[in-house]
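These notes are about the structure you will find just below.
The values are calculated or read from the model by the stated rules, or taken from the named source; none is laboratory data. From a predicted model like this one, the values you see are computed outputs, not experimental measurements. Using ideal geometry, Cβ is built from the backbone for each residue, glycine included, and neighbour counts are taken over all protein chains shown.
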Amino acid sequence: MYAASAPYGPAAPRILLVDDDPGLLVLLADQLRNDGFEVQTARDGEEALRRLGGGWPDLLIIDMMMPRKDGLTLAREIKAQADLPIIVLSAIDAGDSKADLLEEVAEDYVTKPYHYPELRARIHRVLRRLGDRVPRQSLVLGPNLTLELHRRTAIVAGTPVQLTPTESRLLYALAANLGQTVSTETLLARGWAETEDADPSYVWVTMRRLRQKVEVDANRPAHLQTVRGVGYRLVGTETG
Amino acid sequence: MTDRAPLASRIEQHALAEETATEPEIALDFDVPEEADDRRGLGIDLPFRTRLTVALVAASILPLAGFGLLLVAVGGIGTEAQTLGRLLLFAIALAAVLAILLAYLLIADLTGPLRAIGRAVDRVAAGDLGTPIDLPGEDELGRLAESHNRLAADLERRNRQLARILAAIETTSPRDGVDWLVGRAAADAREAFGLIDAEIRLGSPSAVPAEEVVPGEPRPVRATLQTGPDPTGVLVGHLPATGRWERADQDLLDLFAAQVAIAIRNAELFARVEAQNAQLIELDAAKDDFLRGVSHNLQTPLARIRAHAEQLDAVSPDRRLGIIAEQTDRLSRMVRQLLTVTRLESGALRPQPEVLSLAARVRRAWEALAAADVSFSLADDAEGWLAIGDADQLDQVLWALLDNGVKYGHGTPIEATVRLEVDRRRLRLTIADHGRGVPEEDRARLFGRFERGSDVAPDEGSGLGLYVSRELCRAMGGDLVLEPSARAPGAAFTIVLPAEAPEET
């Protein structure tokens, strides 16, 4: 179902890798280059910002705990400039309170010690959304639904509802193709990494749960519509 | 707010004292001498009106009648005397009639004011303090009316004071701090008691010497602040020379001082608790930082070891490199488990419920354990249903259960079974080994913190695995249970998780 390497045509995706551990930095950069990525490295936040001045990468991989400027601060500064996808690589696991803050700014979270195949699968998943353009701040779909995907929140009839990372990835893919049907296969590739053994039923169940979250009446969905046997469609009530 | 109940009861007591103050002996001036007991009279049990009538009639008739009887006795037998006697009897009868008439008029004049006073007392008893008795005059009745009016006015004044004190006490909060409370209470006392000045000094009351009362000068007033056995301060102030200060005023001031003392003590306790809370929050943050640091410092080298082993293995495959990678994972999982325990304690565990296939997840977890010498079988009867849970947290549970199965099953085959409970919309994943099982005496405490089976060496495992696993399952809306030994030969643990049907809707 997935191409293991170089699925991006002639231009290799560019990755900026930021980690204060030089040993890991060199090693991971080598692993990524072997898989066809173009990799730049930075030892800390300041160096990372300087490198960004020379051109935007397609993806950033940032260590959370770094001296001087931590990963969260760096990620916020970068997000303030551009909607670059960020994967956080951290020794602190995802249950930590600081990791919660990171979820505002990071597309994904990989815990150290990482398994390289797992990390590569996450990178592929994130890169699949390249080219998608979704309004940065809020996407108003109707009086009862506004999406604020940058903070993983849907505002349903005035009440903020927290979305899981998978839910917000699916909504991102649907919002980038507003009004058009997105196939179940595409949603599957956007929502889950290859390593997660997902099949179409993951998409069905997640969409059903998502509908219960964001629709006022889940039995008569106004925004999240099923195109039976094909996929799903996100529509705004104002535009029809 | 713990002082509310005693405060209420004290005020109630005071209100009772106010009510009974309608009896004269409480509210009169201190310098009024003890009065003789005038209430009993002759001790004849007749209504007041009748007694008065009898007294008046007797007073007017008795001298005349006595004189007539004397005349009859002295004059004896003469006809003139008889005529005079008749005349006298007639005069006595006439006098009697006149006396009775006069008595009625006098009684009306006397009892009218008394009834007015009686009605006024009734009004006071009913709570109307604002209507004085209008009885001019310097006689006893006039003075009685005046002292009643003064009593009612005093009552009204104290009611107002009490209301002010109550309002002052009700509106204080321990958050206000001691300094603010002290200033505020002094101002309240000044206003409520009509003082020229008032001040609260904390510390021993003996440090503030009592002032003499000098006639014509402002009168010093004073009350001790006390909550426990030892006084905590004193309230001192001055009343204008023209002001009145009675025992009830002093009682009220004492009550006020007691409440102020309670409020100050509460503020002190609150400040102490606040300081401790701030310290705890600081310590908690320090603990989090410490754990983060420990985790970082342990995981970073592990990450490096793992990455190198992985890369080397890719270049020139070697079984030993795989073992290195697996053992690093194992260490890393133990560090994570410790972190999870601390998060359980602080309630910071927030699962992200996602859709996942239990069978696929358990197979991957088994592969990660890499226990190649133990046989593993997986039966998936989920009928495609997907569990709802946090993948990371579920992995921690699966690793712990599978690891236990390998450890305590002593190499016996491990069987994993996923079953669907359609009507309850949930999946049950049972992981069973064929070892000795869990002894009866261990079953109840198996899920406690730092508990190991009684036949397990103390240096084996952290004793946290099952505790953490059950908490994680419950946080995901499921549970973790130990199957009864009758149903399984070894130890069999079942994870229960909410599930959803694989339908496109």
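Would you point out the residue of segment A:8-23, among those that are within 14 Å of chain B (Cβ to nearest Cβ) and free of Cβ contacts under 8 Å to residues at least 24 places away in the same chain, that is surrounded by the fewest Cβ atoms within 10 Å (Cβ to Cβ)?
Quick first cut of segment A:8-23, residues within 14 Å of chain B (Cβ to nearest Cβ) only: A:17, A:19-23.
Going one step further and asking which of them are free of Cβ contacts under 8 Å to residues at least 24 places away in the same chain, we end up with A:22-23.
Working: A:PRO22: 10, A:GLY23: 14.
This residue is A:PRO22.
Can you pull out the residues in segment A:183-200 that are more than 14 Å from chain B (Cβ to nearest Cβ) and either of a type in the set (Asp, Glu) or over 13 Å from the mean Cα position of the chain (by Cα) (or both)?
A:THR186
Give me the strands (runs of 3 or more DSSP E) completely within segment A:122-236, filtered to those with at least 2 residues that are over 23 Å from A:ALA106 (Cα atoms), ordered by residue number.
Working: elements: A:139-142, A:145-148, A:153-156, A:159-162, A:181-183, A:224-227, A:231-234.
Strands (runs of 3 or more DSSP E) meeting the threshold: A:139-142, A:181-183, A:224-227, A:231-234.
I'd like the full set of residues that are more than 10 Å from chain A (Cβ to nearest Cβ) and either part of a helix (DSSP H, G or I) or of a type in the set (S, T, N, Q) (or both), limited to segment B:317-332. Outline the logic, then answer.
Step one: of segment B:317-332, the residues more than 10 Å from chain A (Cβ to nearest Cβ) are B:317-324, B:326-327, B:330.
B:ARG319, B:ARG320, B:LEU321, B:GLY322, B:ILE323, B:ILE324, B:GLU326, B:GLN327, B:ARG330, listed by residue number.
Scan (1) at negative phi; (2) surrounded by fewer than 21 Cβ atoms within 10 Å (Cβ to Cβ); (3) touching a residue at least 60 places away in the same chain (Cβ under 8 Å); (4) touching a strand residue (DSSP E or B) at 6+ places or on another chain (Cβ under 8 Å) for the single condition A:SER138 breaks and write down its number.
(3)
Would you point out the residue of segment B:369-392, among those that are under 51 Å from the mean Cα position of the chain (by Cα) and closer than 17 Å to B:ASP329 by Cβ, that is farthest from the other protein chains (Cβ to nearest Cβ)?
B:ALA391
Just to be sure, is B:VAL335 within 30 Å of A:TRP204 (Cα to Cα) and touching a Ser or Thr at 6+ places or on another chain (Cβ under 8 Å)?
Details: within 30 Å of A:TRP204 (Cα to Cα): no; touching a Ser or Thr at 6+ places or on another chain (Cβ under 8 Å): yes.
The answer is no for B:VAL335.
Looking at B:ALA309, B:ALA314, B:ALA348 in this structure, which one is closer than 24 Å to A:ASN34 by Cα and at the interface with chain A (Cβ under 9 Å from one of its Cβ atoms)?
Values: B:ALA309 fails: at the interface with chain A (Cβ under 9 Å from one of its Cβ atoms); B:ALA348 fails: closer than 24 Å to A:ASN34 by Cα.
Result: B:ALA314 is the single residue among B:ALA309, B:ALA314, B:ALA348 that is closer than 24 Å to A:ASN34 by Cα and at the interface with chain A (Cβ under 9 Å from one of its Cβ atoms).
Can you name the residue in segment B:411-434 that is over 19 Å from B:GLY477 (Cβ atoms) and touching a residue at least 60 places away in the same chain (Cβ under 8 Å) and, of all such residues, is nearest to the chain's Cα centre (by Cα)? Quick ask: steps written out before the conclusion?
Just the residues of segment B:411-434 that are over 19 Å from B:GLY477 (Cβ atoms), to begin with: B:411-417, B:431-434.
This time we only want the ones that are touching a residue at least 60 places away in the same chain (Cβ under 8 Å), so: B:412, B:431-432.
Details: B:THR412: 59, B:ILE431: 50, B:ALA432: 52 Å.
Among those that are over 19 Å from B:GLY477 (Cβ atoms) and touching a residue at least 60 places away in the same chain (Cβ under 8 Å), it is B:ILE431.
Of everything in segment A:102-121, what is part of a loop (DSSP other than H, G, I, E, B) and within 14 Å of chain B (Cβ to nearest Cβ)? Give them in sequence order.
Of all residues in segment A:102-121, those part of a loop (DSSP other than H, G, I, E, B) come to A:106-107, A:112-115.
Once the filter is applied, which keeps residues that are part of a loop (DSSP other than H, G, I, E, B) and within 14 Å of chain B (Cβ to nearest Cβ), segment A:102-121 yields A:ALA106, A:LYS112, A:PRO113, A:TYR114, A:HIS115.
Any chance segment B:345-364 includes a residue that's closer than 24 Å to B:GLY490 by Cα, in contact with a helix residue (DSSP H, G or I) (Cβ under 7 Å, 6 or more places away or on another chain) and not polar (S, T, N, Q)?
Checked segment B:345-364: at least one residue is closer than 24 Å to B:GLY490 by Cα, in contact with a helix residue (DSSP H, G or I) (Cβ under 7 Å, 6 or more places away or on another chain) and not polar (S, T, N, Q).
Yes or no: A:THR166 at the interface with chain B (Cβ under 10 Å from one of its Cβ atoms), at pLDDT 95 or above and touching a helix residue (DSSP H, G or I) at 6+ places or on another chain (Cβ under 8 Å)?
So A:THR166 does not fit the description; no.
Could you please give the count of residues in segment B:272-296 that are among the aliphatic types (A, V, I, L, M) and in contact with a helix residue (DSSP H, G or I) (Cβ under 7 Å, 6 or more places away or on another chain)? Before you say what the answer is, go through the steps one by one.
Taking segment B:272-296 and keeping what is among the aliphatic types (A, V, I, L, M), we get B:273, B:275, B:278, B:280-281, B:283, B:285-286, B:291, B:294.
Checking the rest, the ones that are also in contact with a helix residue (DSSP H, G or I) (Cβ under 7 Å, 6 or more places away or on another chain) come to B:291.
Result for segment B:272-296: 1.
Within segment B:410-429, track down each residue that is buried (at least 21 other Cβ atoms within 10 Å of the Cβ) and either within 20 Å of B:ALA368 (Cβ to Cβ) or modelled with pLDDT under 95 (or both).
In the first step, residues of segment B:410-429 are kept if they are buried (at least 21 other Cβ atoms within 10 Å of the Cβ); the result is B:414, B:416, B:418, B:427-429.
Within segment B:410-429, B:ILE414, B:ALA416, B:VAL418, B:LEU429 qualify.
Would you confirm whether or not segment B:448-456 contains a residue that is at pLDDT 85 or above and either in a loop (DSSP other than H, G, I, E, B) or in contact with a strand residue (DSSP E or B) (Cβ under 6 Å, 6 or more places away or on another chain) (or both)?
Applying the first criterion (at pLDDT 85 or above) to segment B:448-456 yields none.
Checking segment B:448-456: not a single residue is at pLDDT 85 or above and either in a loop (DSSP other than H, G, I, E, B) or in contact with a strand residue (DSSP E or B) (Cβ under 6 Å, 6 or more places away or on another chain) (or both).
Here are the criteria: (1) more than 8 Å from chain B (Cβ to nearest Cβ); (2) more than 25 Å from A:ASN144 (Cβ to Cβ). Tell me which single one A:ASN219 does not satisfy.
So A:ASN219 meets the others, but not (2).
Identify the residue in segment B:269-307 that is touching a residue at least 60 places away in the same chain (Cβ under 8 Å) and of a type in the set (A, V, I, L, M, F, W, C) and, among all such residues, is surrounded by the most Cβ atoms within 10 Å (Cβ to Cβ). First the steps, then the outcome.
Filtering segment B:269-307 for residues touching a residue at least 60 places away in the same chain (Cβ under 8 Å) gives B:269-271, B:284.
From what's left, of a type in the set (A, V, I, L, M, F, W, C): B:269-271.
Values: B:LEU269: 12, B:PHE270: 16, B:ALA271: 14.
If we take residues in segment B:269-307 being touching a residue at least 60 places away in the same chain (Cβ under 8 Å) and of a type in the set (A, V, I, L, M, F, W, C), then B:PHE270 is surrounded by the most Cβ atoms within 10 Å (Cβ to Cβ).
May I ask you to list pairs of residues, at least six apart or on different chains, whose Cβ atoms are under 6 Å apart, with the first in segment B:98-112 being part of a helix (DSSP H, G or I) and the second being of a type in the set (Ser, Thr, Tyr)?
Within 6 Å, the pairs are B:ALA99/B:SER60; B:ALA103/B:THR53.
Could you go through segment A:39-62 and let me know if any residue there is closer than 22 Å to B:LEU298 by Cβ, outside any loop (DSSP other than H, G, I, E, B) and in contact (Cβ under 8 Å) with a residue 40 or more places away in the chain.
Going residue by residue through segment A:39-62, those that are closer than 22 Å to B:LEU298 by Cβ are A:43-44, A:61-62.
Then keep just the ones that are outside any loop (DSSP other than H, G, I, E, B); that gives A:61-62.
So of that shortlist, the ones also in contact (Cβ under 8 Å) with a residue 40 or more places away in the chain come out as A:61-62.
Scanning segment A:39-62 turns up at least one residue that is closer than 22 Å to B:LEU298 by Cβ, outside any loop (DSSP other than H, G, I, E, B) and in contact (Cβ under 8 Å) with a residue 40 or more places away in the chain.
Name every residue in segment B:130-143 that is part of a helix (DSSP H, G or I) and either surrounded by fewer than 17 Cβ atoms within 10 Å (Cβ to Cβ) or not hydrophobic (A, V, I, L, M, F, W, C) (or both), in order of residue number. Don't jump to the end; show me each part of the working.
The first filter runs over segment B:130-143 and keeps only residues part of a helix (DSSP H, G or I), leaving B:140-143.
Passing the criteria: B:GLU140, B:GLY142, B:ARG143.
Just one of the numbered conditions (1) surrounded by fewer than 17 Cβ atoms within 10 Å (Cβ to Cβ); (2) in contact with a strand residue (DSSP E or B) (Cβ under 9 Å, 6 or more places away or on another chain); (3) free of Cβ contacts under 8 Å to residues at least 40 places away in the same chain is not true of B:VAL236; which one?
(1)
Among the residues that make up segment A:153-175, is at least one of them small (Gly, Ala, Ser) and surrounded by fewer than 17 Cβ atoms within 10 Å (Cβ to Cβ)?
Step one: of segment A:153-175, the residues small (Gly, Ala, Ser) are A:154, A:157-158, A:168, A:173, A:175.
Subset that is surrounded by fewer than 17 Cβ atoms within 10 Å (Cβ to Cβ): A:157-158.
Within segment A:153-175 (the criterion being small (Gly, Ala, Ser) and surrounded by fewer than 17 Cβ atoms within 10 Å (Cβ to Cβ)), the answer is yes, since at least one residue qualifies.
For the list (1) surrounded by fewer than 15 Cβ atoms within 10 Å (Cβ to Cβ); (2) touching a residue at least 12 places away in the same chain (Cβ under 8 Å); (3) within 19 Å of A:ASN177 (Cα to Cα), I need the number of the one condition that A:ARG211 fails.
(1)
If you take the residues of segment A:46-82 that are of a type in the set (D, E, K, R) and in contact with a helix residue (DSSP H, G or I) (Cβ under 8 Å, 6 or more places away or on another chain), which of them is surrounded by the fewest Cβ atoms within 10 Å (Cβ to Cβ)? Give the steps one after another, and end with the answer.
Restricting attention to segment A:46-82, the residues satisfying the condition of being of a type in the set (D, E, K, R) are A:46-47, A:50-51, A:58, A:63, A:68-70, A:76-77, A:79.
Among the residues that remain, those that are also in contact with a helix residue (DSSP H, G or I) (Cβ under 8 Å, 6 or more places away or on another chain) are: A:58, A:63, A:68-70, A:76-77, A:79.
On the way: A:ASP58: 19, A:ASP63: 25, A:ARG68: 10, A:LYS69: 16, A:ASP70: 18, A:ARG76: 13, A:GLU77: 15, A:LYS79: 17.
Residue satisfying both the conditions and the ranking: A:ARG68.
Identify, from the list B:GLY203, B:GLY216, B:GLY228, B:GLY237, the residue that is modelled with pLDDT of 90 or more, among the small types (Gly, Ala, Ser) and farther than 19 Å from B:ALA163 by Cβ.
None of the other options fit; the residue is B:GLY237.
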